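The values are calculated or read from the model by the stated rules, or taken from the named source; none is laboratory data. The structure displayed is predicted, hence computed values, not measured ones. Here the Cβ positions follow ideal geometry from the backbone for every residue, glycine too, while neighbour counts run over all protein chains shown. Accessible surface is based on the protein model in full, side chains and every heavy atom, while ligands, DNA and RNA are left aside. Shrake-Rupley method; radii C 1.70, N 1.55, O 1.52, S 1.80 Å.
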Amino acid sequence: MRSLLHSTRKARISVAGLMLALVLGSVTNTPAVAQTATAQATGFQARVFKDAAGSHKYAVFVPHGYTLAKSWPVILFLHGAGERGRDGWLPLQYGLGPLIKLREANFPFIAVFPQCEDLHGRILKGWSLESADGPRALKILEQVEQEYKVDTKREILTGWSMGGYGAWEMAAAFPERWHAVVPLAGGGDVATGEKLKNVPLWAWHGATDKIVLPEVSRQMVEGVKTAGGTPRFSEPAAADHDVWKQAYDDDRLYAWMLNPQGDPDKLPLVTARSRGPLVIPEPPFIPAVELPRVAHVRLGNEMLATLADSIPQLIPPDALVGTLGNISDSTSAEGIDFQVSMYGLTYQGQVTRARVKAYARDRLNIQLALSQVVVTIGGTTLSGRKHSAQAGPIQIGIGHQRPVWLSFDITPTVVDRKLRFQHVGTYFSIPNDNWYVTAPAGVSTRGLGITEAKVSRGLVSGLYGKKATLEQQVAGVIPRLIAELEQRFDVNSLGSALGSGNSAGTTLGLWPLPVYKPRLKFWPMEASADEQGVTLVMGATAAAIDTAHAPAKLRIAPLPSINSAAFSQSAKLQVGFAPQMLAPLSELMVEADVARIHVADTPSKAMAQLADAALMSEAIPDLKQYGDQLQVWTELALTGPISVIDQPGGRPALDASQVKLVVSIKAAPTEAAFRPCAEFILKVRQPFAASLATPTELSRALSLTLDDKASIEVEGKFIGGYAAKDMQIDNDKVQALFAAGWEEFIHGGGPMQMEVPDIDLGYAKLRMDSAGWKAPNLVAGFGPPGVKVTNRSEKPLTYETKGLYSDWGGPYTLKPGATHDYPVSTPMLVRLRSAAGEQKFTLPVGSHSDYRKSWRGTPEEFFRHRD
């Protein structure tokens, strides 16, 4: 089932102070006792709240400009289910924390980050005021207000996912308390709209959220509007469950928090984001399971040609800057023997173009176009028995007329789980008309008959005669160039091309477990080449779910081996995964006891009926004896691995034969805890199909369609220790309820789509253009993203184009309203000619540009296409 949390949810950890300091800056552990206000540190602080139940870690952000001269607004942030625990650190990992970090220098709020400690309770009720964690969060807020100079009339409440549900509930419980409320990706009781009508609300929900469906926020907003309120609602089209990345990164939101009666588009901003990227701190990656040979990466010659376009940009400017060894030689001039010593040799040059091609078994050829190569000889000494000379710097220029091609062969191999290139041969020849030698800058001589002119001519002619030696010296830079390419070409990122960072988010798009998803790191195991390209076989390592209780020994999971020969024909970039990796990864979740969820916490209302006392009394007639006092708690748990099987006809299916529904009851509300009553073993087999999807014109996604009905078997029994009077169990009733919930769940948000970003090779890009099932692997192919041009003007557009190495092409004429599509993988230059002169535009690869006016009366230009 889909998680109620971030689609790349990380495991909980227990590393508070140190990790907080490393990730979010200076952290000071402080006791729960109030400090003197003048001594308080700023930034992210680790704190402790103490009550009758014990000590509870939390975090607080104190503005760097904190002073007692003013009262500060305060934000209470309620995190999602994946951040539950007792370490005090996880609540900073997702949501508000990372976005404060980007504004830390001028963020004008105190922010409080309590932590929900109940790991096995209802997710949607994690911050409920009926739980221990909800009231404790408010007491922690009050403690902060006692220790800092806080404006209690400007308390702002916000939360995401599980915290979004908590924000709606706390807002309704204390509507007069909150200066502003911002629930993200959460819902609540629509009937509370009357209580919320006067609360300044701005709700956010991602339009593509498949975990908490957007309709739950829409219903809450409509409920408040119906009651007479004026809530704001933002539903970003490109956002999913991680809508916090859009909401908390919108500086207008913080201006509105301070003045919720104002228009966010007109309010002056109160904070500013730094230019750095959003960084989501990672918990320690402690290896738990190794998955050998679970993926392949095919680098076909078409892809290698695209990669070659980026090599000049991948090679740093100083890669062709360095020193050469001294040269010692002997020569004879006019009957006089000399020992020649050249010293202080340096070189510099440019790589202006590259070619890469696999052409034979285990052979790749790389060609680099060298231009403006200059070898400088710092000085030359000539010494004979009675004669000697000293010459100043001499320069040797190569490739000053046109590039000179340096060609070398390599064999791809794997060393210590890193892709390496073994140098096996070189060809380099300098054309006679494409190099020169300058006369030395100054010559001094000693001895009768030896002149400065003779020495100068002799050195120049001698160097011209040493072209072969020079060619060897230039070819000597190849090992350094290879090392640069090895360092900058990270094949591990290609292994994660169908994932998201260290997570295999897209690959595991069928991941059915709640809250937590596996974190994977890919590494090459084997490398081979043929006439059409290079094939890499990849392994993966999965991290421990709970780093505080990581397995003592790394486990190696036996999986079906990938046959690399099956992928040796493609000339494109192709990435494939063996979904069989789901089995050992799901076992990790079972062992960590996180593969469970209350049925009412799933997105399916039908699934929630499995906790309805009346319906479950029909399935388990013995429960009728408890009457109207009966309360039912039904949890869906995975007790064994999930696998993917290849069915007849070549269509895969998700196979979960160790799923359990555990039914617990309270016979009366006064009972302290639910007691297990019955359990149902479920065997679920769900066919699926993988295909390419186009969420927007410029984005691609892997779509997993679950069209066929699932095969669901149910077998129930009473749990030992429960004394049933009526031993009947209606398996068919439970099967019907579960099947209805399963159907609603898998079809509730349409096909599951996992967006796959373009692969950025530096200067060139590749975009996914195919996806499907190639038994027994999930396979995606990548090709040129292209450049599109649409004429949105009222007259024909005539233009010329130029690629990276091509000459100008055209002219081409584009009628009004028409579009031209160029299948390129690098930026394209466009030239417009007119009587007034010419204009040149660079259109980014993977873009769609409109030729139009920015507004009436202005000249036409190229603008980003309005999708």
When you count, for each residue, the other Cβ atoms within 10 Å and take the mean per peptide, how do 323-332, 144-153, 373-382 rank with the highest first?
-> 373-382, 144-153, 323-332
Taking R0 as 41 Å and r as the Cβ-Cβ distance between ALA105 and VAL321, the FRET efficiency 1/(1 + (r/R0)^6), rounded to the nearest 0.05, comes to 0.65
Percent of all alpha-carbon pairs of the stretch 314-409 at distances over 15 Å, whole number, is 70 percent
Over the stretch 230-314, relative contact order from alpha-carbon pairs under 8 Å, at least 6 apart, % | 16 percent
Specify the angular offset, from 0 to 90 degrees and rounded to the nearest 10, of the alpha carbon long axis of helix 582-591 from the longest principal axis of the alpha carbons in the chain.
-> 50 degrees
In the stretch 64-139, the GluC sites (Glu not before Pro) that sit in a DSSP loop and have at most 12 other Cβ atoms within 10 Å of their own Cβ are GLU130
Compute the acute angle (0 to 90°) between the alpha-carbon long axis of helix 731-747 and the principal axis of greatest extent of the alpha-carbon atoms of the chain; round to the nearest 10°.
-> 40 degrees
With a 1.4 Å probe and all protein chains in place, put PHE285, PHE174, PHE77 in order of accessible area, largest first.
-> PHE174, PHE285, PHE77
Using +1 at the Cβ of each Lys and Arg and -1 at the Cβ of each Asp and Glu in the chain, identify which of GLN728, HIS400, PRO108 lies farthest towards the dipole's positive end.
-> HIS400
Restricted to pairs 8 or more residues apart or on different chains, the lysines in the stretch 614-710 with C-alpha atoms under 25 Å apart form a number of pairs equal to 5
Share, in percent, of DSSP beta bridges within the chain that are antiparallel, nearest 5 = 85 percent
With +1 at each Lys and Arg Cβ and -1 at each Asp and Glu Cβ, the charge dipole magnitude of the chain around its Cα centre, to the nearest 20 debye, comes out at 2160 debye
In the stretch 717-867, lysine pairs 8 or more places apart or on different chains with C-alpha atoms under 30 Å apart total 22
Cα-based reach from LYS225 at 19 Å (exclusive), listing lysines while leaving out same-chain residues under 8 positions away | LYS195, LYS197
Chymotrypsin sites (Phe, Trp or Tyr not before Pro) restricted to the stretch 820-859 and DSSP loop, no more than 11 other C-beta within 10 Å | TRP855
Along the three principal axes, how long is the stretch 94-165 when you take its alpha carbons, biggest first, rounded to the nearest angstrom?
-> 38, 27, 17
Which distance in Å, rounded to a whole number, links the C-alpha centroids of the stretch 801-849 and the stretch 246-300?
-> 35 Å
Rg(Cα)/(2.2 N^0.38 Å) for the stretch 826-867, N = residue count = 1.26
So for the pair LEU129, ALA673, with labels modelled 7 Å out along Cα→Cβ, what separation do we get in nm?
-> 2.8 nm
Size of electric dipole in the stretch 615-691: Cβ of Lys, Arg +1 and of Asp, Glu -1, about Cα centre, debye, nearest 20 | 160 debye
Counting other Cβ atoms within 10 Å, keep those with at most 16, restrict to DSSP loop, and tell me which trypsin sites (Lys or Arg not before Pro) in the stretch 260-339 are left.
-> LYS266, ARG273, ARG275
For the stretch 670-723, what is the convex hull volume of its Cα atoms per residue in Å³?
-> 164 Å³
What FRET efficiency, computed as 1/(1 + (r/R0)^6) with R0 = 60 Å and r the Cβ-Cβ distance, is obtained for TYR626 and TYR805, rounded to the nearest 0.05?
-> 0.15
Between SER854 and ASP730, what is the label-to-label distance in nm when each label sits 7 Å out along the Cα-to-Cβ direction?
-> 6.9 nm
GLY159's amide H: which non-local residues (gap 5+, or another chain) put their own amide H closer than 5 Å, with H modeled 1.01 Å from N in plane and none for Pro or chain starts?
-> LEU78, VAL182, LEU184
Expressed as a whole percentage, what fraction of the accessible surface of the chain belongs to carbon and sulfur atoms when a 1.4 Å probe is rolled over the protein heavy atoms?
-> 51 percent
Beyond 21 Å (Cα-Cα) in this structure, taken from LYS125/LYS210; LYS101/LYS245; LYS210/LYS245; LYS101/LYS139, we find LYS101/LYS139
Which ³J(HN,Hα) values, rounded to whole Hz and listed in residue order, are derived for the stretch 320-328 from phi using the Karplus coefficients 6.51, -1.76 and 1.60 in 6.51 cos²θ - 1.76 cosθ + 1.60 with θ = phi - 60°, glycine and proline given as x?
-> 9, 10, x, 10, 10, x, 5, 10, 10
Report the net charge of residues surrounding ALA308, where surrounding means a beta-carbon distance below 12 angstrom and charges are Lys +1, Arg +1, Asp -1, Glu -1.
-> +1
Interchain or sequence-distant (5+) residues whose placed amide H lies within less than 5 Å of the amide H of LEU761 are LEU766
Taking 0.36 nm per residue of separation between GLU215 and GLU486 and subtracting their Cα-Cα distance, the length gained on full extension comes to 92.7 nm
What is the magnitude of the charge dipole of the stretch 170-281 about its Cα centre, with +1 placed on the Cβ of each Lys and Arg, -1 on the Cβ of each Asp and Glu, and no other charges, expressed in debye to the nearest 20?
-> 220 debye
How many Å³ per residue does the convex hull of the Cα positions in the stretch 710-867 occupy?
-> 237 Å³
With every protein chain present, what accessible area does HIS241 have (1.4 Å probe, heavy atoms only), rounded to the nearest 10 Å²?
-> 10 Å²
In square angstrom, rounded to the nearest 10, how much accessible surface does ASP337 have for a 1.4 Å probe?
-> 110 Å²
Whole-Hz Karplus couplings 3J(HN,Hα) for the stretch 415-429, θ = phi - 60° and coefficients 6.51, -1.76, 1.60, Gly and Pro as x, run 10, 6, 6, 10, 6, 10, 10, 8, 6, 10, x, 9, 10, 8, 9
When all protein chains stay in place, what accessible area (Å², nearest 10, 1.4 Å probe) is found for ARG353?
-> 80 Å²
Using Cα pairs under 8 angstrom and six or more residues apart, how large is the relative contact order of the chain, in percent?
-> 9 percent
Leaving out ligands and nucleic acids, note down the accessible area per residue over the chain with a 1.4 angstrom probe, in whole Å².
-> 42 Å²
Send over the per residue convex hull volume for the stretch 638-684, Cα only, as a whole number of Å³.
-> 75 Å³
ALA637 paired with ASP265, simple spin-label distance in nm, labels 7 Å along Cα-to-beta-carbon | 5.3 nm
Divide, for the stretch 424-488, the radius of gyration over alpha carbons by 2.2 N^0.38 Å, where N is the residue count.
-> 1.61
Positive-end residue of TYR427, CYS677, THR67, charge dipole of the chain with Cβ unit charges = TYR427
From most to least accessible, 1.4 Å probe, no ligand or DNA/RNA atoms counted, VAL845, VAL279 line up as VAL279, VAL845
